[in-house]
1. Evaluate region 68-88: report whether one residue or more is modelled with pLDDT of 95 or more, within 16 Å of Leu23 (Cα to Cα), part of a loop (DSSP other than H, G, I, E, B) and β-branched (Val, Ile, Thr).
2. Mind checking whether some residue in region 31-46 is under 17 Å from Arg98 (Cβ atoms) and either in contact (Cβ under 8 Å) with a residue 12 or more places away in the chain or in contact with a helix residue (DSSP H, G or I) (Cβ under 8 Å, 6 or more places away or on another chain) (or both)?
3. From (1) in a loop (DSSP other than H, G, I, E, B); (2) closer than 22 Å to Pro124 by Cβ, pick out the condition that doesn't hold for Ile27.
4. Which condition number in (1) over 17 Å from Val119 (Cβ atoms); (2) buried (at least 17 other Cβ atoms within 10 Å of the Cβ) is the one that Ile66 fails?
5. For the list (1) within 16 Å of Ala28 (Cβ to Cβ); (2) at pLDDT 95 or above, I need the number of the one condition that Leu60 fails.
6. Could you list, in sequence order, the residues of region 92-125 that are surrounded by 14 or more Cβ atoms within 10 Å (Cβ to Cβ) and either among the hydroxyl-bearing types (Ser, Thr, Tyr) or in a loop (DSSP other than H, G, I, E, B) (or both)?
7. Could you list, in sequence order, all residues of region 34-50 that are hydrophobic (A, V, I, L, M, F, W, C), part of a loop (DSSP other than H, G, I, E, B) and crowded, with 16+ Cβ neighbours inside 10 Å?
8. Take the residues in region 85-112 that are among the charged types (D, E, K, R) and within 13 Å of the chain's Cα centre (by Cα), then tell me which one is nearest to Leu48 (Cα to Cα).
Amino acid sequence: MTDFGTDITEELTWRRVSGLENLARAIARRYITPRGALWYAPGYGLDLRRYLNEAMTPELLEEMRILVEQEAEKDPRVRFAEASVAPEPDHRVRVALRLETDQGPFDLVLSVDRVSVEVLNAYPG
């Protein structure tokens, strides 16, 4: 069985998380971190919030979908990623990911707004 690692939550509870919850949080963090923000990992991150003030054209949504998949696949626990990106009201975007891991498929749904990336659903596929 694959070990997805253990981490501490970002909330003030400082709760330990492991398994697929840890993977879901790690992937979500990638989409709020601007590329180059981490000196020790300059290729890490894709801040999706920067796209929210642009017109959500089909071309932009396709670009975002490709970048989301590429960013998820940078995580060594993810073998393959397939994403869909859909605009929502109030300058929000919903990102649905199907991740292939050593434990099998894993579905992750995120909501991106100007301030945060929130995990809406995370469950084995």
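1. yes
2. Going through region 31-46, the residues under 17 Å from Arg98 (Cβ atoms) turn out to be 31.
Next cut, either in contact (Cβ under 8 Å) with a residue 12 or more places away in the chain or in contact with a helix residue (DSSP H, G or I) (Cβ under 8 Å, 6 or more places away or on another chain) (or both) only: 31.
Yes: region 31-46 contains one or more residues that are under 17 Å from Arg98 (Cβ atoms) and either in contact (Cβ under 8 Å) with a residue 12 or more places away in the chain or in contact with a helix residue (DSSP H, G or I) (Cβ under 8 Å, 6 or more places away or on another chain) (or both).
3. Ile27 satisfies all of (1) in a loop (DSSP other than H, G, I, E, B); (2) closer than 22 Å to Pro124 by Cβ except (1).
4. With respect to (1) over 17 Å from Val119 (Cβ atoms); (2) buried (at least 17 other Cβ atoms within 10 Å of the Cβ), Ile66 is out only on (2).
5. (1)
6. Thr101, Gln103, Ser111, Asp113
7. To start, the set of residues in region 34-50 that are hydrophobic (A, V, I, L, M, F, W, C) comprises 37-39, 41, 46, 48.
The next check asks that each one be part of a loop (DSSP other than H, G, I, E, B); those that pass are 37-39, 41, 46.
Within region 34-50, just Leu46 meets the criteria.
8. Keep residues of region 85-112 that are among the charged types (D, E, K, R), which gives 88, 90, 92, 94, 98, 100, 102, 107.
Those still in the list that are within 13 Å of the chain's Cα centre (by Cα) too: 94, 98, 107.
Numbers: Arg94: 11, Arg98: 18, Asp107: 19 Å.
So the residue we want is Arg94.
The values are calculated or read from the model by the stated rules, or taken from the named source; none is laboratory data. Bear in mind that the values here come from a model prediction, so they are computed numbers and not experimental data. Glycine also receives a Cβ, built like all others from the backbone with ideal geometry; neighbour counts cover every protein chain displayed.
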